[in-house]
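For reference, the structure is listed below as structure tokens.
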Amino acid sequence: MQMHRSSSYTSSEYSVASSNSSYLSKPLSNDYIKTHKNITFSFAENANTFQQGSLGDTDTYLTGTVHLNYQKACAVKNIFLQFKGVEKTSWYKAQARSKVVYTGERTLINQTNKIWEAFEETEEVTILDIPFKIQLPRNLPETIVTEIGSVRYVLRATVNTKGLLGTNSHIAKIYCPLKHTLLLDRTLSSPYKICGESMDGIEYTFLLPPHKNFNLGSHVTIPMILRFLRSGVVIERIEITLRTLMDFSCSQNEVEHVEQQVISIVIPHMEIRHVQLNDPRYPFGGCTQNINLFIPDKTKTTYSGKFINISHQLHIKFFMWGSESDFCVEEYVKVAHVSEVNGETSTLQPPFLSPDAAYKIKKVIVSDQVRVQEQPSVTHEPIEKIRSVIGCALEYDTEYRRTVAPFDNRFNEEYDTISQPQSLFGDILSKDFTSDTFANIQTPLSPPPYRRLLTRQPSTGSTYS
């Protein structure tokens, strides 16, 4: 790391730099662990965190500035910046009249850099801004905070000054949260397939996102296909649950287990999509369903460390009529921050499995920068653009047709109607198209809407995007 030195840090050049620092984004006051009236931190320009990079497959740095502001000139010897990360657990159990405390601690990183040093023994400093840039190891886990265990990172600035009886140290400490992001290339990824057969005579297939990665703060769609292998099989309801399983250990070899329910939804019998009874591929019947989940932002990410292990388990339980017992499909999945290689946040809906045609069209429109006029011209040029976009969405769905459609011919029928003039998209293809019409498009395959597709732009014309 580069060390900054100068014979004078009270010149107008550095004073101006300090005055401009008021426009920099700064951490909140409650981010500080230890404050000092003369020492503060700020982020790099146009940033709201010290971290720059995904903390994974790419180089990641901590960047920011340490600010010194003394009312009177202070004799400064040197300045050190320490970055420390610790995995830590702590809990207690009451035993009779005593309380036993269990703890575990592991240092993940402890790196100290001298970021400034006086030319002589000391330098008189009043105002000083010292930018820093620290490269991080790629194997660092992201910040995790729970009631029992945590992974935390701290930046500590130490300013050593000359005192009457020796060296005095002025210290400021601040939390430095890190975020690990998985980079996903959809062109090289395929969904994770779960297949099996229950003892009750149900053949099931589930298609999870690539590598079983569930992205925080996004919708995840899991197509489900069931084929009954005997008569008399009736599903009363389906319960889908995502659980967080946390195991905390300590130096005393004790383990504390905690479970949390992240998501729980129920699909009743009346909402299950049953296939037609005259379908020769389903002699005893079957079901097709899209399971739509939303992963809350506050969900703990999957992590495996020395004292903390966090995993996530997906439970899909079938309650049966006319059967001696119910059955459950369980699979461990990974909850993480996921981003596509092109920089867009991934919803982890495989392109050929997206149940919402409107959502697919939105992605195409955004990528092609198509702008649709609220009142189409006489030539209906915007309508032709929408026709083209719908065509792109249908091509986008080719793999969906090839993979899932053979199980139920209704998939083909419903998606084929998109290109028909008087169809689900008839209003779009007609001259009566409006922005609200397009915003509310929804196919029968997706009960919950995602969001409005068109949002008014603050521009002079009546345009939407």
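The values are calculated or read from the model by the stated rules, or taken from the named source; none is laboratory data. Owing to the predicted nature of the structure, the values given are computational and were not obtained by experimental measurement. Cβ sites come from the backbone with ideal geometry, for glycine too, and all protein chains shown count toward neighbours.
Quick notes
- Against the criterion of being assigned to a loop (DSSP other than H, G, I, E, B) and either in contact (Cβ under 8 Å) with a residue 12 or more places away in the chain or under 19 Å from Thr35 (Cβ atoms) (or both), Glu87 does not qualify.
- Conditions (1) part of a strand (DSSP E or B); (2) crowded, with 17+ Cβ neighbours inside 10 Å; number of the one not met by Glu124: (2)
- Looking only at the range 289-345, and only at residues there that are small (Gly, Ala, Ser) and at pLDDT below 90, the one that is farthest from Ile240 (Cα to Cα): Gly343
- Search result, residues across the range 23-68 that are in a loop (DSSP other than H, G, I, E, B), farther than 29 Å from Ala336 by Cβ and either among the hydrophobic types (A, V, I, L, M, F, W, C) or not assigned by TED's automatic domain parsing to the domain that holds Tyr175 (or both): Leu24
- Checking the range 234-256 against the condition returns no match, with no residue being at pLDDT below 90, in a loop (DSSP other than H, G, I, E, B) and more than 30 Å from Thr103 (Cα to Cα).
- Across the range 239-252, the number of residues qualifying as of a type outside the set (Phe, Trp, Tyr), farther than 16 Å from Tyr332 by Cβ and surrounded by 14 or more Cβ atoms within 10 Å (Cβ to Cβ) comes to 3.
- Some residue of the range 103-110 being basic (Lys, Arg), in a strand (DSSP E or B) and closer than 25 Å to Pro27 by Cβ: no
- Of all residues in the range 174-224, those that are touching a His at 6+ places or on another chain (Cβ under 8 Å) and among the hydroxyl-bearing types (Ser, Thr, Tyr) total 3.
- Of Ile174, Ile225, all but one fail to be in contact (Cβ under 8 Å) with a residue 60 or more places away in the chain, closer than 30 Å to Met270 by Cβ, touching a helix residue (DSSP H, G or I) at 6+ places or on another chain (Cβ under 6 Å) and in a strand (DSSP E or B); the exception is Ile225.
- Check on Gln135, exposed (fewer than 15 other Cβ atoms within 10 Å of the Cβ), in the same structural domain as Asn30 (by TED's automatic domain parsing) and within 19 Å of Ala44 (Cβ to Cβ): yes
- A single entry from Tyr282, Tyr303 fulfils the requirement of being in contact with a helix residue (DSSP H, G or I) (Cβ under 9 Å, 6 or more places away or on another chain) and surrounded by 13 or more Cβ atoms within 10 Å (Cβ to Cβ): Tyr282.
- Test: residue in the range 131-139 that is assigned to a loop (DSSP other than H, G, I, E, B) and over 30 Å from Ala336 (Cβ atoms): no
- The single condition from (1) surrounded by fewer than 17 Cβ atoms within 10 Å (Cβ to Cβ); (2) over 30 Å from Gly104 (Cα atoms) that Val255 fails is (2).
- Members of the range 48-75 that are of a type in the set (Gly, Ala, Ser) and either under 36 Å from the mean Cα position of the chain (by Cα) or within 13 Å of Ile134 (Cα to Cα) (or both): Gly53, Ser54, Gly56, Gly64
- Residues satisfying the stated conditions in the range 30-44, i.e. farther than 18 Å from Tyr70 by Cβ and of a type in the set (Ser, Thr, Tyr): Tyr32
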